Each structure stands twice: as structure tokens, then as C-alpha cells.
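First the structure, in the form of C-alpha cells, and then the observations on it.
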Amino acid sequence: MMINSFTHIKKRLLPLILLLCLFTPHFCYAQDLITDTPTVSAINGRDYYPAAIAALKDAKSSIHLVMYLVSVNPYHKDSKVYTLINELIAAKERGLEVKVILDQNINFSGDYSQSPEEKNAWCFKILKEAGVDVKYDTHKTYTHTKAVVIDKERVILGSSNWSEKAFSQNME
């Protein structure tokens, strides 16, 4: 009974802890900070990719991803972005619950009948064909989030899109 209560409390406190971390200058501006506890990790820009790969491979029950941009070239299957997508597919094949929401970046002119930009189209296609539960956000939603929730306990949250530039050039 005590363990169930602690788990329930931990799941309710996790979003609050994450918000506090996001708005604490220590986590926002630290260049070389890498800490790891069961619930909070702060990762500098260059360490995002290896940490994300390790976390996806270590997932036991679920992976939920909300991503503004997954810039994948389907002809560069050895890229870091393609490797991340393949890890999502591998997790699905291992029997994990994998859910993905991508931004469709509707034109903000107010004409919602326009089709979305194609920035996430290849990722959507690759995941959909592999049987992953992948969706676009709604026409009235602007998803700029870059978040991965693993096993409902571990969260990777930050400014890194899944793109080669984010992993090699940008200061995310």
C-alpha cells in the first residue's frame, strides 16, 4: 500500500518538478551540466543525441514523443535522425507502447483548409508504415514542444528538434 501511494505521488509531482527545472536558471544556462537522477536529467546540446538513443533503447514499457521537427532524409539511413526513428520502431517491435505527435505547421493566415507543410511528412510516413501510432497535432494547435516521455517516469525535454543541425551545429 505504501509503495502504491509513493508511485502515485511521484507521478503527480513529476510535471511540477520539470516546470521548476525549466524555469531555474541553473538548468537553463548550464553549458556543461550533466546530472542524472531517476526523474530529472539536464543535458547539454552535444549530449542530447547519445542520451536520447540510450533512453530509447532502455525503455521498458512506453515511449511518448511530441516533436516540433523531425527532419529526416529517407535516403540517409545512417543519419542520427534516422537512427532515432529506427529506435522508436524497434521499441514498437519489442512490444512497447509507442505514440508520436508531430507538428503539422499550418499556415497561420487563418485558412485552416490549407494542407500542412511537409517538414515532418517523411517521419510520419516511416513511422506509420512501421505500425507506430503517429499523429499530427490539430489545425488549431501549434506544437512547438520537443519532449520524450519514457516509461511514464523519464522525460527528455528541451529545445532540440530531431535534426542533424540540432545534433551537430546548433546550440540547443
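For the stretch 90-103, what are the residues that are in contact with a strand residue (DSSP E or B) (Cβ under 8 Å, 6 or more places away or on another chain), surrounded by fewer than 20 Cβ atoms within 10 Å (Cβ to Cβ) and in a loop (DSSP other than H, G, I, E, B)?
Leu96
Counting just the residues of the stretch 60-89 that are at pLDDT below 95 and of a type in the set (Gly, Ala, Ser), which one comes out least open to solvent (accessible area, probe 1.4 Å)?
Here the answer is Ser79.
Would you check which residues across the stretch 152-164 are open to solvent by 20 Å² or more (accessible area, probe 1.4 Å) and either without any contact (Cβ under 8 Å) to a residue 24 or more places away in the chain or assigned to a loop (DSSP other than H, G, I, E, B) (or both) and list them?
Hits for the stretch 152-164 are Lys152, Glu153, Gly158, Ser159, Asn161.
Considering only the stretch 133-141, I want to know if a residue exists there that is open to solvent by less than 70 Å² (accessible area, probe 1.4 Å) and either at pLDDT 95 or above or under 13 Å from the mean Cα position of the chain (by Cα) (or both).
Yes, the stretch 133-141 contains a residue that is open to solvent by less than 70 Å² (accessible area, probe 1.4 Å) and either at pLDDT 95 or above or under 13 Å from the mean Cα position of the chain (by Cα) (or both).
Taking the stretch 132-147 as the region of interest, how many residues are in contact with a strand residue (DSSP E or B) (Cβ under 7 Å, 6 or more places away or on another chain) and in a loop (DSSP other than H, G, I, E, B)? Give the steps one after another, and end with the answer.
Start the filter on the stretch 132-147 by keeping residues that are in contact with a strand residue (DSSP E or B) (Cβ under 7 Å, 6 or more places away or on another chain), which leaves 132-137, 143, 145-147.
Adding the requirement that they be in a loop (DSSP other than H, G, I, E, B) leaves 132, 137, 143, 145.
The total comes to 4.
Report every pair of residues separated by at least 6 positions or lying on different chains whose Cβ atoms are under 8 Å apart, first residue within the stretch 45-60 and under 14 Å from Ser168 (Cα atoms), second of a type in the set (D, E, K, R).
If the second residue must be of a type in the set (D, E, K, R), the pairs left are Gly45/Glu172; Tyr48/Glu172; Tyr49/Lys80.
Residues in the stretch 103-122: is at least one modelled with pLDDT of 95 or more and either over 26 Å from Arg46 (Cβ atoms) or of a type outside the set (D, E, K, R) (or both)?
The first filter runs over the stretch 103-122 and keeps only residues modelled with pLDDT of 95 or more, leaving none.
No.
Quick check, is Ala54 touching an Asp or Glu at 6+ places or on another chain (Cβ under 7 Å), under 23 Å from Phe167 (Cα atoms) and at pLDDT 90 or above? Before the answer, list the steps.
On the way: touching an Asp or Glu at 6+ places or on another chain (Cβ under 7 Å): no; under 23 Å from Phe167 (Cα atoms): yes; at pLDDT 90 or above: yes.
When the stated conditions are applied, Ala54 does not pass them.
The values are calculated or read from the model by the stated rules, or taken from the named source; none is laboratory data. Keep in mind the model is a prediction, meaning the values are calculated, not measured. Quick reminder, even Gly has a Cβ in these numbers, built from the backbone with ideal geometry, and neighbours come from all protein chains shown. Quick note on the areas: whole protein, heavy atoms, side chains included, nothing else; ligands and nucleic acids left out. Shrake-Rupley method; radii C 1.70, N 1.55, O 1.52, S 1.80 Å.
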